[in-house]
Amino acid sequence: GVALLAGGGYGRGQLCPHSDLDLVLLHAGRRDVGSVAERIWYPIWDEGFSLDHSVRTVKEALDVAGRDIKVLLGLLDARLIEGDEMLARSTVDGARRLWAKRSAQWLALVAAEVADRRHRFGEVAFLLEPDIKEGYGGLRDAAALRAASLAGVVAPLEDAVAEATELLLSVRVELHRRVARASDRLTLEQQDGVAAALGTDADGLMAAVASSARSIAWASDEVW
């Protein structure tokens, strides 16, 4: 009667060392769910992890997802960590049906967010100190492309986009490790260290980052 879901980047298996843990505790109307949740959340907090958490029935989760695109996007790639498989499947399948049914409405919102990030953060491929996550051609745009493919309005992502995403994710992981906090801007100060961890030099790193970001940006230009 309970299930613990990982959502967002955690659900996709793209968690970085200092990313928030996006968790949903699903239940089938259990009255003691509050105490169940406390036994899960508090040990995580005690270990020093940031936690984006919620406790919901399947109906509550889908009702919120139907009103909040951030919640809906987080559920599209959710995966079961432990517990009742039926609750998890009902939630993820329901979220994907919501996404497909109103894809035009949702995708217009995603497109607006993509354009806003491009304006605020610039294009990863052309910056000396790019934001690997939020910049245009970054990891947030790769996730947006995946959401578009799940809506069925574009073909599954090309291998080039998948490879580009993996490269940028590796860079973000090493950046988090070096600065020991959630940081997504690849500053000049950190480029040598990140490059060394990935077996290259700063010039090679930034060339690979630019190439990867261009692959994601070109795909984004086609979709949005």
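Diffusion coefficient of the chain by Stokes-Einstein, Kirkwood radius over Cα pairs, 4 °C, 1.567 mPa s: 70 µm²/s.
Taking only protein heavy atoms and a 1.4 Å probe, the accessible area of the chain is 50% carbon and sulfur. Under Stokes-Einstein, with the Kirkwood radius over Cα pairs as Rh, the value for region 1-133 at 10 °C and 1.306 mPa s is 98 µm²/s. Couplings 3J(HN,Hα) for region 94-107, derived from phi with the Karplus relation 6.51 cos²θ - 1.76 cosθ + 1.60 (θ = phi - 60°), are x, 5, 5, 5, 4, 5, 5, 5, 10, 4, 4, 5, 5, 5 Hz, where x marks Gly and Pro.
How much accessible area per residue does region 1-83 have, in Å², with a 1.4 Å probe? Before the final figure, lay out each step's value.
Values: 4280 Å² over 83 residues.
Value for region 1-83: 52 Å² per residue.
The Rg/Rh ratio of region 59-123, with both radii computed over alpha carbons and Rh defined as the Kirkwood radius, is 1.08.
Between the Cα long axis of helix 159-179 and the first principal axis of the chain there is an angle of about 90°, rounded to the nearest 10. Tell me which residues come under 5 Å, amide H to amide H, from Ile81 once H is placed; ignore anything under 5 positions away on its chain. Placed amide hydrogens put Leu4, Leu5, Ala6 under 5 Å from Ile81.
Using a Förster radius of 25 Å, what is the FRET efficiency between Arg120 and Arg79 based on their Cβ-Cβ separation? Nearest 0.05, please. Before the final figure, lay out the partial values.
Working: r = 30 Å, r/R0 = 1.22.
Given R0 = 25 Å and the Cβ-Cβ separation, E is 0.25.
Pull out the extension gain between Ser50 and Asp192, defined as 0.36 nm times the separation in residues minus the alpha carbon to alpha carbon distance; nm, one decimal. Walk me through the numbers on the way to the answer.
Values: separation 142, 0.36 × 142 = 51.12 nm, distance 2.79 nm.
Between Ser50 and Asp192, full extension yields an extra 48.3 nm.
What the Kirkwood sum gives for region 80-172 is a hydrodynamic radius of 14.8 Å, with every pair of different alpha carbons counted.
Counting only C-alpha contacts under 8 Å and six or more residues apart, can you give the relative contact order of the chain as a whole percent? Please list the in-between numbers first.
Details: 335 pairs, mean separation 44.4, N = 224.
The value is 20 percent.
Only the Cβ atoms of Lys and Arg (+1) and of Asp and Glu (-1) were treated as charged; on that basis the dipole of the chain about its Cα centre amounts to roughly 860 debye.
Panel note: the C-alpha atoms of region 128-189, placed on their principal axes, show extents of 41, 20, 16 Å (largest first).
Taking 0.36 nm per residue of sequence separation and subtracting the Cα-Cα distance, how much length would be gained by fully extending the chain between Thr57 and Arg177, in nm to one decimal?
On the way: separation 120, 0.36 × 120 = 43.20 nm, distance 3.59 nm.
Extending this stretch completely gives an extra 39.6 nm.
The values are calculated or read from the model by the stated rules, or taken from the named source; none is laboratory data. On a predicted model such as this, the values are computed, not experimentally measured, just so you know. Cβ: placed from backbone, ideal geometry, glycine included. Neighbour counts: every protein chain shown. When the accessible area is computed, the model is the full protein with side chains, heavy atoms only, and any ligands, DNA or RNA have been set aside. Shrake-Rupley method; radii C 1.70, N 1.55, O 1.52, S 1.80 Å.
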